[in-house]
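Asker: Before I ask anything, let me first share the structure, which is written out below as structure tokens.
The values are calculated or read from the model by the stated rules, or taken from the named source; none is laboratory data. Since we're looking at a predicted model, the values are computed, not measured. In this analysis, Cβ positions are derived from the backbone assuming ideal geometry, glycine residues included, and neighbour counts consider all displayed protein chains. Just the protein is used for accessible areas: all its heavy atoms, side chains included, with ligands, DNA and RNA removed. Shrake-Rupley method; radii C 1.70, N 1.55, O 1.52, S 1.80 Å.
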Amino acid sequence: MTELPGDLLYTEDHEWLRREDDGSVTIGITDHAQAALGDLVYVELPEVGLELDSGGDMAVVESVKAASDVFSPIAGIVEAVNEDLADDPEIINGDPYGNGWIVRLRPSEKIDEDALLSPNAYQDLLDAEDA
Amino acid sequence: MGLKTPLFASHVAAGAKIVDFGGWDMPLHYGSQKEEHHAVRNNAGVFDVSHMTIVDLTGDRVREFLRYLLANDVVKLQSPGKALYSAMLNDLGGVIDDLIVYFMNESWFRLIVNAATREKDLAWIEQQASAFAVTVTEVGNTAMVAVQGPQARQLASARVDAKWREDALALPPFTGMQAGELFIARTGYTGEDGWEIVMPASNADLVWDALLASGVTPCGLGARDTLRLEAAMNLYGTDMDEAVSPLEAGMGWTIAWEPQGRSFIGRAKLEAKNADPNLQRFVGLLLEDKGVLRNHQRVVVPGVGEGEITSGGYSPTIERSIALARLPAGNDETAEVDVRGKMLKVRIVPTPFVRNGKIRIEL
């Protein structure tokens, strides 16, 4: 298992968040999630401008095997989506924390960091799942 | 913890992700399902199919028995080793299972049936066999692999004793032979050329390792499913079951109506269905939009009615989504599929989608 990036926050649904300098938040799925899904073949992205509640439907990632919902971990407005995923969803398999980002949100309220996981807490979650 | 085939340790050693399949611990993939799929279309892949059930039927009246038990007619099997694909029906014409039957000799036929249906198949066959004094024996202590792809027979033939190799490579499609302790048949479930090989469980891992060493890619159930979907080969329990007749599952070609005097289980109900102009049709779908079709999605044929996808997924060869579906009777060429509330356009296409490495539908 590769080391988790230390500058990200995580969720129990195997998503990651990066707080950007301009106040926006970039969101993707973790390496663990992409490995569990297998080869991705389609990503359904939201419209830019869409307002999302925390826990709302944000995207759908489909592997050869199955479709999985990606829920928004925070409330916000979709500021950008990763258009490259439309033609090449496997970017997520190859680079889940970098070029495989999915959505960038403008938070609509203060982010509740207590509801998210630190890298250490997420690593504990993964270790518990493996056990 | 499920049942394990003689090759279980080999799968783990090859890095397989193991999943439950009908009570068996089977490999889903060994890293990339898509790469395994392409290996079979372009070169050669090997699948462990040891979970499937092999049943030998013996007795003087075994041919007569099978002509009653199966919807296809084993009268077509006249030379030893010849194989036939057939449905085994219940009295209502529903599919109990689909299987391959081999003619070994006049008092011995061999069936290969699905793993998940093993118990009900054996019970049904035994129940019917007693009137014909046919003995039903499950063949145990064996392993079975499917080596599939354009290079499959060539690569696998290195594992066949030189004494048998030439004959094995000359096997016509849908024919099998005993080659020492191997039973080799030119059959498969991928739409590619290849062999299915039954062997003693004790040396299965050696054969497996040798195939991998010769460049054959280990392939899991994931690739097996996308390959068979592209080849428009039915999956039991998904595309058909006891509530569905072969006529509504694209298996009409496997029903031997002639001779009319042959009585087989389910025949009367099947004849009635065959005369019904409103019988559902079983079709291939090609998704025109982006997205992925999945099992059980609702299909709407505007102005006609609704049907359902029985098997849907992503086609790695076509790089679009395809599906098999049961639709209302008609000649419509387009339909819409409800994918999470969005109606996506699909084209109704002839199957198979892919055969012998070539895309067979118009894109």
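Asker: Describe numerically, in nm with one decimal, the distance between label points set 7 Å from Cα along Cα→Cβ at B:Thr135 and at A:Glu83.
Answerer: 7.3 nm
Asker: Further question: Test of understanding: express the Cα radius of gyration of segment B:1-126 as a ratio to 2.2 N^0.38 Å, with N the residue count.
Answerer: Normalised Rg, Cα atoms only: 1.25.
Asker: Right, here's the next one. Principal axes first, then extents: for the Cα atoms of segment B:280-359, list largest minus smallest coordinate on each axis, whole Å, largest first.
Answerer: Principal extents (largest minus smallest coordinate, Cα): 36, 25, 17 Å.
Asker: Within segment B:320-363, list the GluC sites (Glu not before Pro) lying in a DSSP loop whose Cβ has at most 13 other Cβ atoms in a 10 Å radius. Could the numbers behind the result be given before it?
Answerer: Working: sites: B:Glu333, B:Glu336, B:Glu362; in loops: B:Glu333, B:Glu362.
Here the GluC sites (Glu not before Pro) that fit, given the DSSP loop and packing criteria, are B:Glu333, B:Glu362.
Asker: Residue by residue, what Karplus-based ³J(HN,Hα) values in Hz, rounded to whole numbers, does segment B:78-89 have, using 6.51, -1.76 and 1.60 with θ = phi - 60° and x for Gly and Pro?
Answerer: My calculation for segment B:78-89 gives 10, 10, x, x, 5, 10, 9, 8, 8, 8, 10, 9 Hz in order.
Asker: Just to check I understand the Karplus step: with θ = phi - 60° and J = 6.51 cos²θ - 1.76 cosθ + 1.60, what whole-Hz values come out for segment B:355-363, glycine and proline as x?
Answerer: 8, 6, x, 10, 6, 9, 10, 7, 9
Asker: Check the straight Cα-Cα distances from B:Lys34 and name the lysines below 19 Å, setting aside those fewer than 8 residues away within the same chain.
Answerer: Candidates past the 8-residue exclusion: A:Lys65, B:Lys17, B:Lys290, B:Lys358.
Asker: What would the Debye equation give as log₁₀ I(q)/I(0) for the protein assembly as shown at q = 0.05 Å⁻¹, counting only Cα atoms as equal point scatterers?
Answerer: Reported log10 I(q)/I(0), two decimals: -0.23.
Asker: Another one. Efficiency by 1/(1 + (r/R0)^6): what FRET value for B:Glu181 and B:Ile18, r their Cβ-Cβ distance, R0 = 25 Å, to the nearest 0.05?
Answerer: Working: r = 28 Å, r/R0 = 1.11.
Between B:Glu181 and B:Ile18 the formula returns 0.35.
Asker: With bins 5 Å wide starting at 0, give me the P(r) of segment A:9-109 over every alpha carbon pair, in whole percents.
Answerer: Going out from 0 Å in 5 Å bins, segment A:9-109 shows 3, 15, 27, 28, 18, 8, 2, 0 percent.
Asker: Heavy atoms only, probe 1.4 Å: what % of the accessible area of segment A:78-131 goes to carbon and sulfur, would you let me know?
Answerer: On the way: 1280 of 3030 Å².
C and S fraction of accessible area: 42 percent.
Asker: Cross-link partners among aspartates and glutamates for B:Lys163, C-alpha distance below 13 Å, same-chain residues fewer than 8 apart left out?
Answerer: Output for B:Lys163: B:Glu181.
Asker: Tell me the chymotrypsin sites (Phe, Trp or Tyr not before Pro) within segment B:1-77 that lie in a loop according to DSSP and have at most 12 other beta-carbon atoms within 10 Å.
Answerer: none
Asker: Check A:Leu52: other-chain or 5+ apart residues with amide H under 5 Å from its amide H, H built from backbone geometry?
Answerer: Hits under the 5 Å cutoff: A:Gly76, A:Ile77, A:Val78.
Asker: Zone of B:Asp60 (label point 7 Å along Cα→Cβ, backbone N under 13 Å): which residues in segment B:119-145?
Answerer: Residues B:132-134 fall inside that zone.
Asker: Let me ask another. How much net charge surrounds B:Met251 when only the other residues with a Cβ under 11 Å from the Cβ of B:Met251 are counted, with Lys and Arg +1 and Asp and Glu -1?
Answerer: Taking every Cβ under 11 Å from that of B:Met251, the sum is -3.
Asker: Rounded if a/c is under 1.5, else prolate if a/b beats b/c, else oblate: with a ≥ b ≥ c from the C-alpha gyration tensor eigenvalues square-rooted, which is chain B?
Answerer: Taking the square roots of the gyration eigenvalues as a ≥ b ≥ c, chain B is oblate.
Asker: Still on this structure: Do any residues of segment B:284-298 lose at least 50 Å² of accessible area when the full set of protein chains is present rather than just their chain alone, and if so which, with a 1.4 Å probe?
Answerer: Residues passing the criterion (a loss of at least 50 Å², heavy atoms only) are B:Lys290, B:Arg294.
Asker: Check each of the GluC sites (Glu not before Pro) in segment A:79-126 and keep only those in coil by DSSP with at most 15 other C-beta atoms within 10 angstrom; list them in order.
Answerer: Listed in order of number, the matching sites are A:Glu83, A:Glu109.
Asker: Provide the percentage of antiparallel DSSP beta bridges, counting only those with both residues in the protein assembly as shown; round to the nearest 5. Walk me through the numbers on the way to the answer.
Answerer: Working: 105 of 109 bridges.
Percent antiparallel among DSSP bridges in the protein assembly as shown is about 95.
Asker: Right, something else. For segment B:312-345, state which residues have at least 10 Å² less accessible area in the presence of all protein chains than in their chain by itself, taking the probe as 1.4 Å and leaving out ligands, DNA and RNA.
Answerer: With the partner chains in place, segment B:312-345 has these residues losing at least 10 Å²: B:Tyr314, B:Arg340, B:Lys342.
Asker: Quick one, can you get me the convex hull of the C-alpha atoms of segment B:48-200 expressed as volume per residue in Å³?
Answerer: Roughly 109 Å³ of hull volume per residue.
Asker: Still on this model: For segment B:2-48, which residues drop by 50 square angstrom or more in accessible area between the chain on its own and all protein chains together (1.4 Å probe)?
Answerer: B:Gln33, B:Lys34
Asker: May I ask for the net charge around B:Leu7, where only other residues with Cβ less than 13 Å from the Cβ of B:Leu7 are counted and Lys, Arg are +1 while Asp, Glu are -1?
Answerer: Working: positive: B:Lys4; negative: B:Asp25, B:Asp48, B:Asp205, B:Asp209.
Taking every Cβ under 13 Å from that of B:Leu7, the sum is -3.
Asker: Specify whether the C-alpha gyration tensor of segment B:168-272 places it in the rounded, prolate or oblate class, a ≥ b ≥ c being the square roots of the eigenvalues: rounded for a/c under 1.5, otherwise prolate if a/b is larger than b/c and oblate if not.
Answerer: The shape class here is prolate.
Asker: Rounded if a/c is under 1.5, else prolate if a/b is larger than b/c, else oblate: which is segment A:1-56, with a ≥ b ≥ c the root eigenvalues of its Cα gyration tensor?
Answerer: On the way: a/c = 2.04, a/b = 1.17, b/c = 1.74.
Since a/c reaches 1.5 but b/c is at least a/b, the shape of segment A:1-56 is classed as oblate.
Asker: Let me ask something else about it. Determine the sum of side-chain charges near B:Leu92: Lys and Arg each +1, Asp and Glu each -1, restricted to other residues whose C-beta is under 13 angstrom from that of B:Leu92.
Answerer: Combined, the nearby Lys, Arg, Asp and Glu give -2.
Asker: Chain pair B, A: how much accessible area is buried, both chains summed, with a 1.4 Å probe, in Å² to 100? Walk me through the numbers on the way to the answer.
Answerer: Working: alone 15570 and 7030 Å², together 21270 Å².
For B against A, buried area totals roughly 1300 Å².
Asker: Test of understanding: what is the full-extension gain from B:Glu362 to B:Lys120, defined as 0.36 nm times their sequence separation minus their Cα-Cα distance?
Answerer: Length gained, B:Glu362 through B:Lys120: 83.1 nm.
Asker: Could you provide, to the nearest whole Å², the per residue accessible area of the protein assembly as shown with probe 1.4 Å? Provide the component values of the computation, followed by the final result.
Answerer: Values: 21270 Å² over 494 residues.
With the other protein chains kept in place, the protein assembly as shown gives 43 Å² per residue.
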